[in-house]
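Heads up: the structure comes next, in structure tokens.
The values are calculated or read from the model by the stated rules, or taken from the named source; none is laboratory data. All of these numbers come straight from a predicted model, not from anything done at the bench. Please note: Cβ atoms are built from the backbone with ideal geometry, for glycine as well, and neighbour counts cover all protein chains shown. The area values use the complete protein model at the heavy-atom level, side chains included, leaving out ligands, DNA and RNA. Shrake-Rupley method; radii C 1.70, N 1.55, O 1.52, S 1.80 Å.
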Amino acid sequence: MFKVGIDHYGLFPLGLDPMETMQWALDHGAGGVAFSGLDESQRGKLDYGQLIRLKDFAEENNLYLEWGGGQHIPRDLTTWEKKDLFTYNQTAAEEAKALGTRIIRSCSGGLMRWNPASLPTQQLLNEMIVALSAQKQMLMDHNVILAIETHFEFTTFELLRVFEACGAKPGEWLGICLDTMNLLTMLEDPVMATKRVLPWVVSTHIKDGGLQVTSCGFNSFPAPFGEGVIDFDRIFALLADAFGEGACEAPLHLNVEDHGGDFDIPVFDPEFRKQFPDLTDEEMQKLVVLSEKTKQKMDKGTLAILDRKDWAGVCEGRMAGNVQSLKNLVG
């Protein structure tokens with residue numbers, strides 16, 4: 001039912017160009033590649049000919065392609081200067097059209113709520129609505145969907161309100177790239193959040209993880225697929241109902257993503273907690289249960305945090321293992 005592939009972010013330390021990434025996927029049994037976004041050196045070399053070669057390689061080897069490089073917050077998140085997103089997303093749309101894919105993953109940064117100097121979340125959401133509404137016709141003309149990742153930017157509650165304000169409908173020009181682990185960092189239970197955005201999901205980052213209790217709140221971190229505490233049986237059941245045979249015309253691919261590092265979530269700080277007004281007691285209790293499961297696994301030594309600086313040394317083996325583990329589960 002689902003093809004299992006990779007998001008190329010997990011292989012960034014290898015320095016592979018797009019064609020080499022596609023070859024890596026083929027060599028390791030992946031069904032395709034979602035390109036989150038290219039680094040500056042690779043983007044500078046990208047031309048129409050390379051796009052066509054990627055498309056041809058994918059078709060010849062029965063691999064899928066998803067594109068990236070989209071953005072949705074019309075601000076530079078370092079200087080907070082206004083930024084015109086239309087050109088960025090138009091370029092990504094033209095590239096996606098050349099590749100024959102409808103999916104453009106969009107991510108503008110993240111962790112704004114963690115920085116007291118950030119602009120208010122509601123202001124960013126309002127500006128996002130204006131910026132995206134102005135791109136509707138352009139995206140529809142290119143027959144692409146801007147897939148906004150559930151990143152460390154906005155919650156699923158907020159994204160759904162943005163979609164409504166933009167007058168968008170599922171399957172048209174806006175959608176969700178469902179990152180299962182990032183939901184933990186935004187204080188969302190992955191199963192409950194998946195249910196909320198299910199009609200809008202067009203792309204995925206299948207990433208396992210843990211959530212431990214700390215003195216300031218929680219700490220989230222990625223984990224090898226199958227070793228964390230995310231309930232993928234329930235998530236995949238939801239996806240299967242929505243994208244199973246006869247349920248939806250558009251296919252959904254399962255893109256493995258992984259990386260090192262961890263994220264402190266100071267939810268015990270009342271001022272920080274105020275920035276998540278949609279968080280209910282029921283969902284918080286779900287997170288507490290996940291933290292208890294995390295502690296049990298960490299105490300047994302079957303789950304641990306990988307320092308971000310150590311990712312380069314393990315990324316290839318862990319990504320290959322993730323692909324195989326996910327294929328075994330959904331197969």
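At a 1.4 Å probe radius, carbon and sulfur cover how many percent of the accessible area of the chain?
51
Rounded to the nearest whole Å², what accessible area per residue is found for the chain with the 1.4 Å probe? Write down the numbers at each step before the final one.
Numbers: 14190 Å² over 331 residues.
Accessible surface, normalised per residue, equals 43 Å².
Tell me which GluC sites (Glu not before Pro) from the range 157-264 have a DSSP coil assignment and no more than 11 other beta carbons within 10 Å of their own.
Qualifying residues, ordered by number: Glu245, Glu249.
If a/c stays under 1.5 just call it rounded; otherwise compare a/b with b/c (prolate if a/b is bigger, oblate if not). Do that for the range 2-103, with a ≥ b ≥ c from the square roots of the Cα gyration tensor eigenvalues.
Details: a/c = 2.01, a/b = 1.71, b/c = 1.18.
Note, shape of the range 2-103 comes out prolate.
Using the Karplus curve 6.51 cos²θ - 1.76 cosθ + 1.60 with θ = phi - 60°, what ³J(HN,Hα) values do you get for each residue of the range 89-106, in whole Hz, with x for Gly and Pro?
In residue order, the calculated couplings are 6, 5, 4, 4, 5, 5, 5, 4, 4, 5, 7, x, 10, 8, 9, 10, 6, 10 Hz.
Hey, in the GNM for the chain with a 10 angstrom Cα cutoff, which one of Ala147, Ala312, Ala25 fluctuates hardest?
Answer for the Gaussian network model of the chain: Ala312.
Principal axis extents for the chain, Cα atoms only, whole Å, descending order, please.
53, 43, 42 Å, listed from the longest principal axis down.
Hey, what number do you get for the chain at 222 nm if only DSSP H runs of n ≥ 4 count, each worth -39500 (n - 2.57), divided across all residues, to the nearest 500?
After summing the helix terms and dividing by residue count, I get -12500 deg cm²/dmol.
Using the Cβ atoms and a cut-off under 11 Å, what net charge is assigned to the surroundings of Lys97, where Lys and Arg are +1 and Asp and Glu are -1?
Spelling it out: positives minus negatives among the neighbours equals -1.
What percent does the relative contact order of the chain come to when contacts are Cα pairs within less than 8 Å and at least six residues apart? Don't skip to the answer; put the middle values down first.
Numbers: 600 pairs, mean separation 60.3, N = 331.
Averaging sequence separation for qualifying contacts and normalising by length gives 18 percent for the chain.
Per residue of the range 323-331, what does 6.51 cos²θ - 1.76 cosθ + 1.60 with θ = phi - 60° give for ³J(HN,Hα)? Whole Hz please, x for Gly and Pro, Karplus curve as stated.
4, 5, 5, 5, 4, 5, 6, 7, x
Around Leu198, under 13 Å between beta carbons, what's the net of Lys plus Arg minus Asp minus Glu among the other residues?
Here the count lands on +2.
Given H placed 1.01 Å from N in the peptide plane, which residues other than close sequence neighbours of Ile206 have an amide H under 5 Å from its amide H?
So Ile206 has HN proximity to Asn255, Val256, Glu257.
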